[in-house]
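Worksheet for the structure shown next.
What follows is calculated from the coordinates using simple rules that are stated; it is not laboratory data. A quick note: this is a predicted structure, and the numbers were derived from the prediction, not measured. Glycine also receives a Cβ, built like all others from the backbone with ideal geometry; neighbour counts cover every protein chain displayed.
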């Protein structure tokens, strides 16, 4: 599967480093606007911490709302990184090449954004040292024998997420070393010094290549358990809650993992389309890549849809009044039922219908629409799990209530999207978002096989 | 050999047949435990603090309607769902069968409240405020909780502690005013008498719908009910069947498996509402 014309190394270097060596006028403007949005939201979060959580729309039955929804959403986005770089690398899918680094970097930034959410949603963020004991140089209060409660899913959760974050950063850095060396050779002054340090003495000799490849494959294999564990553990924040009827379900772990891959891969596809558009990387992010991602997504989405249906079926199967009450809220009561219909439509039926057609898969506008709609839907999915579950927690109907997010929550949640976009833009200025050496490797392996009278582009590898 | 200093297991029995829904317990609790004033806005936003609340349910169709009341407070569960989920051990079970909340440790993840089937944990959304004229009515024995933390019914742990101090340190029998011999200054139900530990809601209840005592106290008001309720659990665990028609004793959401230290007695309906 290799379309397009063969590329020379010189051309690859020139075209892929365009995001770093030149900075167009719109770049600083875009970063500035996004940065202002983020600053505004940081001020809003400061106000929230200063005044108290009363500025949110949370209330007694619904103690978790937009922030936790957004946390699960961004953790979900981060699953694309390991899916694309580790699993596709180990399964030797050739079309992964241009997507891996963007996916990994998106992983890192979305994990950072995600972890901010539970931290600012606590009542006393300044006491977090009791909880996040992994912060370096901060003494943990163990003199009185009080350690974090390892039975709590909220301790498993940061452990899993920080493991994922650490391994993702390592993964990104190892893949970046050869490209840092390319940059070192093409820059002057202070940036030359910095890239020189980051390249860690890379000369491109066979021993270094061997080590780099071994490290990459090793990390891919080691990161695989994290692929299953992170979102499983995030789902256990809900699944372990015995008292919330609709959360307390064994299906949550696989349901959340598949959902995470669904939204994450869609997000990566969207990021790739954007990169192709703004940096003119038509030769690298080709239609075949987006096409391949879309075909992968059909499988993932259908797997996810199975879990969605099963979760609802399991809910109804017990015919318990309290479980039925949650489903009644989700399916029968406006506006929840409208959101539910929108959610199922935009997460499964609309995008899968688009992806089933080859011409639609190769139309980048339609693909962008499908990828955005998946992510809107997956955000709604988490919201429709978290809030109705809490609003109809048990059969004490006297305590049933609903939830309306406040302006503060809207601003902060909206700004997380601005923040990830801004960080992606800024990092695009510093590192190439498409791995140069990986593309070159693909070009070297590229060959043509004659079958009868036609010659078919193919990839040839020895292992 | 480890000797247990404290030999208690507190329990409360709520007799729904006696509850008139008068809210005296709510007011008593509010005054005793330094709970901020619940404004109309707080109620509308569902953020009111009511460590004990009277839930009102209507039964039947108009005009054949009956109001039913159930006081709901922290059930001090044996298998409390709120305890394992707290990442910082801000809530745990103490030696006396109480589910206690350590305000200083709480970071406010609100997971305990999410995982409480009875919705009896209250989050301080704002810094608590009292009108100036109420400044001096705050109970000095009870912490004023800051914003951002969870709080809930403590079975008036400050009163329990005061009773314990009276018995163990001062050796004072508060009912009779007599001094307790040193050898008998033990924290068990023989020395801890009703007079020195009643929670404020129990004390305020005009119809004695709320009863609070040591579960092991043979002479106390709650032991027989707890024996019956524990018998039900044993019967069910052995696969037996409990005839709900014959017993008044039940625990709220028994099927969740929380084993509350709070027992409800069913309302006896001499004139049940006609089902339409």
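Once the Cα atoms of helix A:252-279 and of chain A are each reduced to a long axis, what angle between those two axes, in degrees from 0 to 90 to the nearest 10, is obtained?
Its long axis makes an angle of about 40 degrees.
Can you tell me which of B:60, B:220, B:163 moves the most in a GNM of chain B? Springs connect C-alpha atoms under 10 Å apart.
Top of the fluctuation ranking is B:60.
Could you compute the FRET efficiency for residue B:234 and residue B:266, with r as their C-beta to C-beta distance and R0 at 30 Å, rounded to 0.05?
For residue B:234 and residue B:266, the calculated efficiency is 0.90.
Go ahead and run the numbers for FRET between residue A:222 and residue A:310, Cβ-Cβ distance against an R0 of 30 Å, rounding to 0.05.
Given R0 = 30 Å and the Cβ-Cβ separation, E is 0.45.
Rank these for me by crowding, A:263, A:368, A:455, going from fewest to most other beta carbons within 10 Å.
Taking fewest neighbouring Cβ atoms as first place, the list is A:455, A:368, A:263.
For every helix of n ≥ 4 consecutive DSSP H residues, a contribution of -39,500 (n - 2.57) applies; sum these over chain B, divide by its total residues, and give [θ] at 222 nm rounded to the nearest 500 deg cm²/dmol.
For chain B, the value works out to -4500 deg cm²/dmol.
Determine, from the Cβ-Cβ distance of residue A:192 and residue A:162 and an R0 of 30 Å, the FRET efficiency 1/(1 + (r/R0)^6), rounded to the nearest 0.05.
Using R0 = 30 Å, I get an efficiency of 0.35.
With label points built 7 Å along Cα→Cβ from the Cα atoms of residue A:331 and residue A:359, find their separation and express it in nm.
3.8 nm
Which whole-number percent is the relative contact order of region A:276-422 (Cα, under 8 Å, 6+ apart)?
23 percent
Give the Debye-formula value of log10 I(q)/I(0) at each listed q (0.09 Å⁻¹), with one equal scatterer per alpha carbon of the protein assembly as shown, two decimals each.
Log-scaled intensity ratios, in q order: -0.88.
Just counting partner chain Cβ atoms within 10 Å, what average do the residues of peptide B:122-128 show around their Cβ?
Mean partner shielding for this stretch: 5.
What does the C-alpha gyration tensor say about the overall shape of region B:4-72? Classify as rounded when a/c is under 1.5, otherwise prolate if a/b is larger than b/c, or oblate.
Judged from the Cα gyration tensor, region B:4-72 comes out oblate (a/c at least 1.5, b/c at or above a/b).
With a bin width of 5 angstrom, please list the P(r) values of region A:256-320 as percents of all Cα-Cα pairs, from the 0 bin to the one holding the largest distance.
Per 5 Å bin, starting at 0, the Cα pair percentages come out as 4, 16, 20, 16, 12, 10, 7, 5, 4, 2, 1, 0.
Taking each residue in A:62-69, count the Cβ atoms of any other chain within 10 Å of its Cβ, then average. What number comes out?
For this peptide, the per-residue mean of nearby foreign Cβ atoms is 3.
In nm, to one decimal, how far is the modelled label at residue A:50 from the one at residue B:5, with both set 7 Å along Cα→Cβ?
4.5 nm
In square nanometres and to one decimal, what's the mean projected area of the convex hull around the Cα atoms of region B:14-147?
If you wrap the Cα atoms of region B:14-147 in a convex hull and average its projections, you get 10.4 nm².
Which of the three applies to chain B, rounded, prolate or oblate, going by the alpha-carbon gyration tensor with a ≥ b ≥ c and a/c under 1.5 meaning rounded?
Verdict is rounded for chain B.
For residue A:146 and residue A:299 in the same chain, what is the full-extension length gain: residue separation times 0.36 nm, less their Cα-Cα distance, in nm?
50.4 nm
Please work out how much length the chain gains when fully extended from residue B:162 to residue B:227, using 0.36 nm per residue of separation minus the C-alpha to C-alpha distance, in nm with one decimal.
Result for the pair: 20.6 nm of gain on full extension.
If I take every Cα pair under 8 Å that is 6 or more residues apart in chain A, average their sequence separation and divide by the length, what percent do I get for the relative contact order?
With pairs under 8 Å counted, the relative contact order is 30 percent.
If you take each beta carbon of peptide B:146-158 and count the beta carbons of other chains within 10 angstrom, what is the mean?
If you average over the peptide's residues, the count of other-chain Cβ atoms is 2.
I want to verify a result. In a Gaussian network model of chain B, Cα cutoff 10 Å, which of these has the top mean-square fluctuation: B:164, B:184, B:244?
Answer for the Gaussian network model of chain B: B:244.
Please give the helix A:25-51 orientation as an angle from the longest Cα principal axis of chain A, in degrees from 0 to 90, rounded to the nearest 10.
With rounding to tens, the tilt is 20 degrees.
Let a ≥ b ≥ c be the square roots of the eigenvalues of the Cα gyration tensor of region B:157-197; is it rounded (a/c under 1.5), or, if not, prolate (a/b larger than b/c) or oblate?
prolate
Using only DSSP helix segments of four residues or longer, with each worth -39500 (n - 2.57), what per-residue ellipticity at 222 nm results for chain A after dividing by its residue count and rounding to 500?
The helix contribution divided over chain A gives -22500 deg cm²/dmol.
Figure the gain on full extension for residue A:211 and residue A:30 (residue separation times 0.36 nm, minus the Cα-Cα span) and round it to one decimal in nm.
Gain on stretching residue A:211 to residue A:30: 61.3 nm.
Could you put A:385, A:75 in order, starting from the residue whose Cβ has the fewest other Cβ atoms within 10 Å?
Arranged by neighbour count, lowest to highest, A:385, A:75 become A:385, A:75.
Roughly speaking, what % of Cα-Cα pairs in region A:159-312 are separated by over 23 Å, rounded to a whole number?
58 percent
Any chance you could give the angle, 0 to 90 degrees and rounded to 10, that helix A:66-81 forms with the longest Cα principal axis of chain A?
Approximately 30 degrees, to the nearest 10.
For region B:105-226, what percent of Cα pairs sit more than 23 Å apart?
Every Cα pair in region B:105-226 considered, those over 23 Å come to 49 percent.
For the pair residue B:133 and residue A:203, how long in nm is the line joining their label points, each one 7 Å along Cα→Cβ?
In this crude label model, residue B:133 to residue A:203 measures out at 8.8 nm.
If contacts are Cα pairs under 8 angstrom and at least 6 residues apart, what is the relative contact order of chain B in percent?
Relative contact order here is 28 percent.
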